Ligand code: NAI
């Protein structure tokens with residue numbers, strides 16, 4: 001399996017996976033790169049190149065066996081290994097994320113949440129316990145969590161992330177609208193719905 005994949009291709013793999021999972025047996029056993037490309041409005045060559053990273057091989061004329069391709073994508077994306085994640089900031093956005101059931105599709109399990117507000121500590125949101133930030137080091141250790149979602153106000157985000165780095169978190173999904181300075185061995189991905197909307201607006 002080739003893990004030396006460009007980030008842009010990597011970003012498309014869950015899109016392929018979602019699409020393939022949405023198909024049913026009635027859609028047939030095989031699917032071609034052309035059919036995937038046309039459904040997702042992408043170039044066929046691009047689709048074939050992206051899928052080649054997952055080591056799934058299409059068959060001439062018929063294409064890929066859909067279930068095999070799904071399995072290859074799941075394997076590549078690590079969907080079958082359960083990975084524990086924690087969330088910091090159980091406010092409006094954090095609560096919505098805690099209630100979201102879609103992480104499991106990718107093998108991610110948000111195990112606990114942490115907040116600095118004493119009124120929130122001790123509550124249960126989306127079935128997850130909200131604990132005090134002072135419990136973060138223990139929680140990360142106990143759950144062997146390597147991933148964290150950060151949904152705290154911008155002014156608190158860097159300090160929260162620094163603490164998470166020190167506790168062994170290796171990947172952060174940051175929703176706070178601030179650039180996070182991170183050590184080299186950590187990956188921080190910033191999610192900004194507003195910026196995406198602005199990009200969308202500029203495209204229409
Ligand atoms: P909120 O105020 O409802 O929630 C923030 C939570 O963080 C609160 O529960 C608060 O007690 C907690 N908190 C504050 N400081 C903390 C600390 N040092 N440690 C742990 N918890 C702490 O805010 P909301 O609306 O949920 O937004 C959260 C963050 O996400 C903000 O930075 C906001 O700007 C950002 N945001 C980003 C979006 C995006 O598209 N990326 C969309 C919406 C919000």
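The values are calculated or read from the model by the stated rules, or taken from the named source; none is laboratory data. Because the structure is predicted, anything quoted here is derived from the model rather than measured. Here Cβ is always computed from backbone atoms with ideal geometry, including for glycine, and neighbour counts include all displayed protein chains.
Condition check: exposed (fewer than 15 other Cβ atoms within 10 Å of the Cβ), under 29 Å from residue 10 (Cα atoms) and without any contact (Cβ under 8 Å) to a residue 40 or more places away in the chain. Does residue 117 satisfy that?
No; evaluated as a whole, the condition is false for this residue.
With the condition kept exactly as written, say whether any residue in region 96-104 is touching a residue at least 40 places away in the same chain (Cβ under 8 Å) and surrounded by 19 or more Cβ atoms within 10 Å (Cβ to Cβ). Yes, that holds for at least one residue. All of (1) under 22 Å from residue 99 (Cβ atoms); (2) touching a helix residue (DSSP H, G or I) at 6+ places or on another chain (Cβ under 7 Å); (3) assigned to a helix (DSSP H, G or I) hold for residue 163 with one exception: (1). Based on what the data block shows, is residue 42 modelled with pLDDT of 95 or more, buried (at least 19 other Cβ atoms within 10 Å of the Cβ) and either part of a strand (DSSP E or B) or over 16 Å from the mean Cα position of the chain (by Cα) (or both)? Here the answer is no, as residue 42 does not meet what is asked. Residue 133 - would you say it is more than 18 Å from the chain's Cα centre (by Cα), within 10 Å of the ligand (Cβ to nearest atom) and without any contact (Cβ under 8 Å) to a residue 24 or more places away in the chain? The answer is no for residue 133. When 142, 158, 109 are checked against the criterion of being under 22 Å from residue 192 (Cβ atoms) and surrounded by fewer than 20 Cβ atoms within 10 Å (Cβ to Cβ), a single residue qualifies: 158. Taken together, 191, 136 contain a single residue that is in contact with a strand residue (DSSP E or B) (Cβ under 9 Å, 6 or more places away or on another chain) and closer than 25 Å to residue 77 by Cα, which is 191.
Scanning region 61-93 for residues that are assigned to a helix (DSSP H, G or I) and either within 16 Å of the ligand (Cβ to nearest atom) or in contact (Cβ under 8 Å) with a residue 60 or more places away in the chain (or both) returns 73, 75, 76, 77, 92, 93. Here residue 168 meets the list (1) touching a helix residue (DSSP H, G or I) at 6+ places or on another chain (Cβ under 9 Å); (2) within 11 Å of the ligand (Cβ to nearest atom) almost entirely, failing just condition (2). Report yes if some residue within region 120-129 is surrounded by fewer than 21 Cβ atoms within 10 Å (Cβ to Cβ), out of contact with any strand residue (DSSP E or B) (no Cβ under 7 Å at 6 or more places or on another chain) and part of a helix (DSSP H, G or I); otherwise report no. No: zero hits. Only one of the listed residues (188, 178) is within 14 Å of the ligand (Cβ to nearest atom), in contact with a helix residue (DSSP H, G or I) (Cβ under 8 Å, 6 or more places away or on another chain), over 16 Å from residue 84 (Cα atoms) and not in a loop (DSSP other than H, G, I, E, B). That residue is 188.
Restricting 191, 169, 180 to those that are within 19 Å of residue 98 (Cα to Cα) and surrounded by 16 or more Cβ atoms within 10 Å (Cβ to Cβ) reduces the list to 169. Just one of (1) in contact with a strand residue (DSSP E or B) (Cβ under 9 Å, 6 or more places away or on another chain); (2) closer than 24 Å to residue 101 by Cβ; (3) near the ligand (Cβ under 9 Å from one of its atoms) fails for residue 196. It is (1).
Take residue 153 and decide whether it is modelled with pLDDT of 95 or more, surrounded by fewer than 14 Cβ atoms within 10 Å (Cβ to Cβ) and closer than 12 Å to residue 88 by Cα.
Yes, satisfied.
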